[in-house]
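What follows is a set of notes on a single structure, which appears directly below.
The values are calculated or read from the model by the stated rules, or taken from the named source; none is laboratory data. Remember, it's a predicted structure, so these values are computed and weren't measured experimentally. All Cβ positions, glycine included, derive from the backbone under ideal geometry; neighbour counts span all protein chains shown. Each accessible area value is taken on the protein alone, full model and side chains, heavy atoms only, with ligands, DNA and RNA left out. Shrake-Rupley method; radii C 1.70, N 1.55, O 1.52, S 1.80 Å.
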Amino acid sequence: MPKICHFLCILLILFFCHTQPANATAKTIQQVCPRQPKINIDFPIPQVKYISNLTPKQFCAKLGQQECLTQKGFTFCIKGVTVPPTINSLQLILKAQTIMYKKKTYACPTSVDIVVKYQEPFINVYLSNEYKKSSCAYRVIKEHENYHVEIFKQSIPFYKPQIQTFLIQEIGQLPVYSPKNDEEMQNIANQYVHTLVQKLHPVQEYINKTINAKNSAIDTPESYLAQQKQCKKW
């Protein structure tokens, strides 16, 4: 059973200030800027840490969740929990430079970096200490939790190219600005970051919903009953 995880959790805007950028023209970045910005996503895949020295009651209390739950008339008690790492910060950094287009100076994004940092870089997997590591029950519980581990680990490389494509499309549709000095150039970059952060919110919700749906597919009464049948002793 997994704890609810959020693929994109906290968005921090770097260098954001309240000064408005220079007025935009009717043209978009795609129409004026000669090339697409480079998108870099630094989203490391965390290591897995197995914790098997606690009882279900102990690790459920630690995680703030119920030890037993009832679904479709069946009561099941948790024997394992997978907890993805908490994202401490997600920074979106945009760099831009000026170019000349039809005798006028415009600001063009050259790169966008998304840097993810974890509070602790581990996927913590809690396994009940009621069973020996050589037992059938321990093996089945660990296999179940490893399913949740793989969902999270595989989601990172899977969604990276989709986020990159999304950002390139959205950046291309942003209005283009004409900065008069370095301060206006910085304000333009800040405005772009602020807009892109807002654009990423529905992407965040979609990714989280998809990951949670995949996790829920195996956390069902039918799945739990099938697992129980694999071992004689529980």
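For this structure, a couple of remarks:
- Restricting the stretch 58-80 to residues that are surrounded by fewer than 19 Cβ atoms within 10 Å (Cβ to Cβ) and of a type in the set (A, V, I, L, M), the residue that is modelled with the lowest pLDDT: L69
- Criterion (out of contact with any helix residue (DSSP H, G or I) (no Cβ under 6 Å at 6 or more places or on another chain), closer than 17 Å to I78 by Cβ and among the small types (G, A, S)) met by exactly one of A217, A137, A213: A137
- Flag for K102 being at pLDDT below 95 and among the basic types (K, R): yes
- Taking the criterion of being polar (S, T, N, Q) and either open to solvent by 30 Å² or more (accessible area, probe 1.4 Å) or at positive phi (or both), the residues of the stretch 92-116 that qualify are Q97, T98, T105, T110.
- Residues of the stretch 45-57 that are part of a loop (DSSP other than H, G, I, E, B) and open to solvent by 40 Å² or more (accessible area, probe 1.4 Å): I45, T55.
- Residue within the stretch 81-91 that is more than 16 Å from the chain's Cα centre (by Cα), surrounded by fewer than 14 Cβ atoms within 10 Å (Cβ to Cβ) and either in contact (Cβ under 8 Å) with a residue 60 or more places away in the chain or assigned to a strand (DSSP E or B) (or both) present: no
- Sole exception among (1) exposed (fewer than 14 other Cβ atoms within 10 Å of the Cβ); (2) in contact (Cβ under 8 Å) with a residue 60 or more places away in the chain; (3) in contact with a Pro (Cβ under 8 Å, 6 or more places away or on another chain) for Q119, by number: (2)
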